[in-house]
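Here is the structure we will look at.
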């Protein structure tokens, strides 16, 4: 499918008010798509919608808390009622937390499960049948390299991204020859508010990878490339494709080192 074929298509992007979600929204609108931008921050969504999008696309703010159990149904019903069938679904919304798992409040763990996993699956389950019936669609899941390297301090986040990897892979294989393609972007550290928000949750700490991040737009560029060149897995940046081998070859070392970094960070913050 050529780039122009996506013009005027409807896309839904979750977690769109900042970071990777906002960057993806800008890129899609810049290609002429109508983007339904979903977030809890209405003011930021309005500011994003007010920007000039040179490709002729538009951004429609959609205020929604994806931690609400009814959020996916509500979004689907409103989109179906007010707009044309969607062609692109970007499951970007995600929460993180850094620290010892036994110090994580259950409320935080439950929110990560609901937003990172349950909502992703529910939205995909709701929007996929229409895409499949029309034999056209893209589902883009924003994952992380920690799904391949389960690491100390990010137990629930790593588990949620490993789940997203398995979910995407299985669904990708199921949708062969349907015209619908699903792929996951395994991103490394990204310079966004993700870190400060993770640290701001109860008992949370600053992640040590914060200073190593790439820009949100770099991830957005890779994610949007899946429109025209769909693949099961892409990495941002590309050299992180070695991460599954890192776990296979050096996982034993991480097992031996244990929570040394966590212990060091505990004395610093």
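The values are calculated or read from the model by the stated rules, or taken from the named source; none is laboratory data. Keep in mind the model is a prediction, meaning the values are calculated, not measured. Ideal geometry is used to build each Cβ from the backbone, glycine not excepted, and the neighbour counts take in all protein chains shown.
When you check residue 133 against the structure, is it farther than 19 Å from residue 14 by Cβ, surrounded by fewer than 20 Cβ atoms within 10 Å (Cβ to Cβ), touching a helix residue (DSSP H, G or I) at 6+ places or on another chain (Cβ under 9 Å) and modelled with pLDDT of 95 or more, yes or no? No: the conditions fail for residue 133. Within the set 234, 242, the sole residue that is in contact (Cβ under 8 Å) with a residue 24 or more places away in the chain and either exposed (fewer than 15 other Cβ atoms within 10 Å of the Cβ) or within 17 Å of residue 27 (Cβ to Cβ) (or both) turns out to be 234.
Per-residue answers, yes or no, for (1) in contact (Cβ under 8 Å) with a residue 60 or more places away in the chain; (2) farther than 19 Å from residue 167 by Cα:
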| residue | (1), (2) |
| --- | --- |
| 97 | yes, yes |
| 101 | no, yes |
| 108 | yes, yes |
| 114 | no, no |
| 123 | yes, no |
| 133 | no, yes |
| 137 | no, no |
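Residue 178 meets each of the listed conditions (1) under 13 Å from residue 19 (Cβ atoms); (2) modelled with pLDDT of 95 or more apart from (1). Those helices (runs of 4 or more DSSP H) of segment 1-89 in which 2 or more residues are under 21 Å from residue 136 (Cα atoms), in contact (Cβ under 8 Å) with a residue 60 or more places away in the chain and touching a strand residue (DSSP E or B) at 6+ places or on another chain (Cβ under 6 Å) occupy 19-30.
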